[in-house]
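Beneath this line is the structure, given in structure tokens, with notes to follow.
Taken together, the values in this text are just the output of simple stated rules run on the coordinates, not laboratory data. Note that this is a predicted model, so its numbers are computed, not measured. FYI the Cβ positions are ideal-geometry reconstructions off the backbone, even for glycines, and counts take in every protein chain you see.
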Amino acid sequence: MYRQIDDFLQEWSNASKGTLQVLQALTDDKLNQNIVEGHSTLGWLGWHLVGAAGYFSYLAGLKVPMIRQEDPVPTTAADIVTAYENIANGIKEEVAKLSNEDLLEVVNGFTAPMPKGALLRVLIDHQTHHRGQMTVLLRQAGLPVPGVMGPTKEMQ
């Protein structure tokens, strides 16, 4: 749980940069890559990261650009990247307006009421989870895997 705005902003800067690197590795022709038929595709996961960031932000009371749940997955990787950049920047700008005391405010979380600082922690954890799934699919698709948390095979 975050108790200091600056702590969240520093971690969000690193986390969103890593997610952006993964999204920038996508190509239009590989957006339908999945582990097996019927499972999440690279495109769906990337678009889910955009949507989930908006949803968690909404729960936290942040005013950021959101996609609608019924919006289809874009057919171009560039559209996913642009949408993520917009939401990531919006989160940074909105959280910077908060006070440390605001992080203690209890809001309706995804599954139960929780402090806003805890919900922002869940946002980053959720993003990290799906970013990890995407790195597996990038490798399976034959695309380069960015070194988000350290060097990858391509970097050695």
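Length gain on complete extension for the stretch ASP28 to ALA96, per 0.36 nm per residue less the alpha carbon to alpha carbon distance? Please list the in-between numbers first.
Values: separation 68, 0.36 × 68 = 24.48 nm, distance 3.40 nm.
Contour length minus the Cα-Cα distance gives 21.1 nm.
Any chance you could run the full-extension gain for SER40 through THR128? It's 0.36 nm times the residue separation minus the Cα-Cα distance, nm to one decimal.
30.1 nm
Taking the Cα centre of the chain as origin, sum charge times position over the Cβ atoms of Lys and Arg (+1) and Asp and Glu (-1), and report the length of that vector in debye to the nearest 20. Intermediate values should be presented prior to the final figure.
Values: 12 positive and 17 negative charges, 50 e Å.
Rounded to the nearest 20 debye, it is 240 debye.
Can you give the FRET efficiency for PHE110 and THR82, using 1/(1 + (r/R0)^6), R0 = 25 Å, r = Cβ-Cβ distance, to the nearest 0.05?
Working: r = 26 Å, r/R0 = 1.03.
With R0 = 25 Å, the Cβ-Cβ based efficiency is 0.45.
Could you give the nm distance between label points at ASN89 and TYR58, where each point is 7 Å from its Cα heading toward the beta carbon?
Each label point is offset 7 Å from its Cα along the Cβ direction, giving 2.2 nm.
Between GLN69 and ARG139, what FRET efficiency follows from the Cβ-Cβ distance if R0 is 41 Å, with the result rounded to 0.05?
FRET efficiency, GLN69 to ARG139: 0.90.
Using bins 5 angstrom wide from zero, how does P(r) for the range 1-117 break down, in % of all Cα pairs?
2, 11, 20, 21, 18, 13, 9, 5, 1, 0
Sort 117-125, 10-18, 60-68, 33-41 for me by packing, meaning the mean count of neighbouring Cβ atoms within 10 Å per residue, highest on top.
Details: 117-125: 19.9, 10-18: 15.2, 60-68: 17.1, 33-41: 12.1.
Result, highest mean Cβ count within 10 Å first: 117-125, 60-68, 10-18, 33-41.
If the reach is capped at under 19 angstrom between alpha carbons, list the lysines near LYS92, excluding any in the same chain fewer than eight residues apart.
LYS17, LYS63, LYS116
Return a whole-number percent for the relative contact order of the chain, with Cα pairs under 8 Å and 6 or more residues apart as the contact set.
Across the chain, relative contact order equals 35 percent.
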